[in-house]
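These notes concern the structure reproduced below.
Just so it is clear, none of the values below were taken in a lab; they were calculated from the coordinates. Owing to the predicted nature of the structure, the values given are computational and were not obtained by experimental measurement. With ideal geometry, Cβ positions are generated from the backbone for all residues, glycine too; neighbour counts draw on all protein chains shown.
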Amino acid sequence: MNDVGHRHGGIAPLSTEALIGPVIDASLDGVVIADLDGRIVRVNPAAEAIFGHAPGSMLGRAIGEAIVPAHLRAAHDHGMARHAATGESRVLGKRLELDALHRDGHHFPVEIQIEKIEQGDTQVYAAFVRDLSARRSMETEVARQRELLHQQEKLAALGTLLGGVAHELNNPLAVVIGRAALLEEALAGTPQERSIAKLREAADRCHRILRTFLAMARESRPRPGQVALADLLAGALEFCGYDLRNAGITVATDFDPDLAPIPGDHDQLVQAFVALIVNARQALAGQDGPRRLRVTVRAGQPVTVRIEDSGPGIAAAARARAFEPFFTTRRFGEGGGSGLAVARGIFESHGGSIAIDAAATGGCTIIVTLPAGKEAA
Ligand SMILES: Nc1ncnc2c1ncn2[C@@H]1O[C@H](COP(=O)(O)OP(=O)(O)O)[C@@H](O)[C@H]1O
Ligand SMILES: [Mg+2]
């Protein structure tokens, strides 16, 4: 070996500990050298960092007890004994991915290659180790993102399909509403009047749900106009009505009769309020006891909307972060943490605001303000 350096240009032979020691210490991979009994005789700082040990504290310890987790220890001891007796080994010279034991007791994945090195009478095992934790969690995250993307693509496709269906329904529904209104006039004062009024109300309700649905499906190009807030909220509640009923939630509304239309983007406001109603529904569905949702609108400058639920409320720690994009306390697939962030963006772009009522006792109360129109002011 020593000749090699000389032959290729007269470099000093790399055989002394004085030279090899610092080389091992500088390695990015962990290096653990053990004698034939499995006692650790040398470790570099990378290995100490990987396994969480203080400098020097691994020396002299049995490798099996220091870095091999309990469930692999028997196999490890067995392998060492067999190698000593027969010279056979299933691990030497191979790249393996194994669980390793951290000093604090947790297990983590490593890539490891163990070599037997002989120099004269001296024989050692040298293990080269890489911590795979970061790579594994990155792989998990990539898989999670891929799954999420897949779900989103599916939802987007479904949204487009349903959007088309909703548009198709709009025209016949307009006929039903129009004819019902005409009939209602024509049948005023007759025994059929009540029936036809019910028919028109039901058709109106379908129309609000459809309009809310189309608002939810629409992309984000702004469309300013005049918004009848009470109508919009009734539509949003009806849109979520099926889920609310299924979760056994009692809905109460209290809309100020003096409320004039406010300037705003109908579809965007629908998206924001539906996000708040969905949050309330999720909060209520997860708890026992009374499940109440109350939506209140007060005219004024600004107009104030309160959305109160009798759920568990938002913990103080989460309150500060609730409006951050991607902040969520939900399980994977139940929410992406964008509801409140997007709602805030929409209300603020209307010159309004959204806040969690800190004074509310029990449950969660969201307060939204929106500027009233000029006339109203
Ligand atoms: N009405 C509510 N009751 C209790 N917690 C809520 C309520 N609304 C929001 N939160 C909390 O705020 C977090 C962020 O909400 P949001 O931005 O809508 O994202 P997501 O609903 O996707 O988690 C939720 O994960 C939840 O912890
Ligand atoms: Mg949400």
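Once you place label points 7 Å from the Cα toward the Cβ at ARG90 and GLU111, how far apart are they in nm?
2.2
Per q in 0.07, 0.11, 0.14 Å⁻¹, report the Debye log10 I(q)/I(0) for the chain, using one uniform scatterer on each alpha carbon and no solvent.
-0.58, -0.86, -1.18
Hey, which lysines would be in cross-link range of LYS116, C-alpha to C-alpha under 22 Å, not counting anything within fewer than 8 residues on its own chain?
LYS94
Looking only at chymotrypsin sites (Phe, Trp or Tyr not before Pro) in DSSP loops with at most 11 other Cβ atoms within 10 Å, what is the longest site-free stretch of the chain?
That would be 1-325.
Anyone know which of ILE307, ILE33, ILE249 comes out most mobile in the 10 Å Cα GNM of the chain?
ILE33
For GLU193 and ASN170, what does the FRET efficiency come to when R0 = 25 Å and r is the distance between their Cβ atoms, rounded to the nearest 0.05?
Efficiency computed from Cβ-Cβ geometry: 0.40.
Quick one: P(r) of region 303-377 from all Cα-Cα pairs, 5 Å bins, percents rounded to integers, in order of increasing distance.
Percent of Cα pairs in each bin: 3, 15, 21, 25, 19, 10, 4, 3, 1, 0.
Label points 7 Å out from Cα along the Cβ direction at LEU162 and ALA316: separation in nm?
In this crude spin-label approximation the distance works out to 4.0 nm.
Which longest run of the chain has no exposed loop site in it, a site being GluC sites (Glu not before Pro) in a DSSP loop with at most 15 other beta carbons within 10 Å, and the site itself not part of the run?
After excluding every exposed loop site, the longest remaining stretch is 89-218.
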